[in-house]
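The values are calculated or read from the model by the stated rules, or taken from the named source; none is laboratory data. All values reported here derive from a predicted model rather than from experimental measurement. Virtual Cβ from ideal backbone geometry, glycine too; neighbours counted across all protein chains shown. Accessible surface is based on the protein model in full, side chains and every heavy atom, while ligands, DNA and RNA are left aside. Shrake-Rupley method; radii C 1.70, N 1.55, O 1.52, S 1.80 Å.
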Amino acid sequence: MRWKELLNPLDIKTPICKVCGNPIKYDNFHILFHPNTSICGSCYGKFEILDERYKLQNCPTRILFRYSSEIKNSIYQFKANGDYELREVFFEYLLNDLRFEYRDHVVVPAPSSPESDAIRGFNHAEELFAQLNLPIVKAIIKTSNREQKEQSMEGRKEIGKYFALTKINKIRNKKVLIVDDVYTSGSTINAMIKLVKKAHPKSIKILILSKQLHNQEDRIKYKRN
Ligand SMILES: [Zn+2]
């Protein structure tokens, strides 16, 4: 009997990495103790972990990864192709930590337009962070279908104009966790914080999957915040 079977006698089939499609090798401790792991060590190793913490509008903010080409491709596959199972790969190694840190919170996902939800069949931020097993309240909705990527930097600053606050009673006096997949200019998150504050929650924290660092200068500025 191989040592893998000794450790994991009920799971005889080799799991397949959801990113590269290769069988997962039992070559690191995490995989040994998590037999249903979704990503191989090699693919996860390509995700550049930032795990940066700072404050946005006085709200504790945590950003997990740099928006690298590997993260970008996986997010794209998840969002555009509706590759629902891929959501697991981003949090594979962090889930227990995140569930502990954000226990007792209600999740407010960054809104996507109802039209793109209909095309994809799901709201990506909501689905991505559903794994935290926290109640999800779609308290911020998009009132216009203008996609952020089609807008200029100036236009992005105005994004708050296209958001509206709803379900106020479900976040009032609650610990709110605002989540999004990619942080680019910060306009979405900043607009969301402003609106959520109007509902008088007990506290607000921010959790973002990845952040785009534009250049070296930006990296330095980012470190200082
Ligand atoms: Zn892989």
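For the range 120-167, the candidate set comprises residues that are open to solvent by 70 Å² or more (accessible area, probe 1.4 Å), at pLDDT 65 or above and not basic (K, R); within that set, the residue that is nearest to the chain's Cα centre (by Cα) is N133. Here the condition is being at pLDDT below 85, farther than 30 Å from K194 by Cβ and surrounded by 12 or more Cβ atoms within 10 Å (Cβ to Cβ); of L6, L32, L10, it holds for L32 alone. Screening I63, I49 for residues that are open to solvent by less than 60 Å² (accessible area, probe 1.4 Å) and in contact with a strand residue (DSSP E or B) (Cβ under 8 Å, 6 or more places away or on another chain) leaves exactly one candidate, I63.
Could you count how many residues in the range 88-114 are of a type in the set (F, W, Y), crowded, with 22+ Cβ neighbours inside 10 Å and closer than 20 Å to I140 by Cα? Going through the range 88-114 one residue at a time, the tally reaches 0. Every test in (1) within 22 Å of V176 (Cα to Cα); (2) modelled with pLDDT of 85 or more is passed by G45 save one, and that test is (1).
For the range 37-64, filtering for residues that are touching a helix residue (DSSP H, G or I) at 6+ places or on another chain (Cβ under 6 Å) and within 16 Å of the ligand (Cβ to nearest atom) leaves 5.
Test S185 against the stated conditions and say whether it is over 18 Å from L50 (Cα atoms) and at pLDDT below 95. So S185 does not fit the description; no. Each residue in the range 13-29 was checked for being of a type in the set (K, R) and surrounded by 13 or more Cβ atoms within 10 Å (Cβ to Cβ), and 2 pass.
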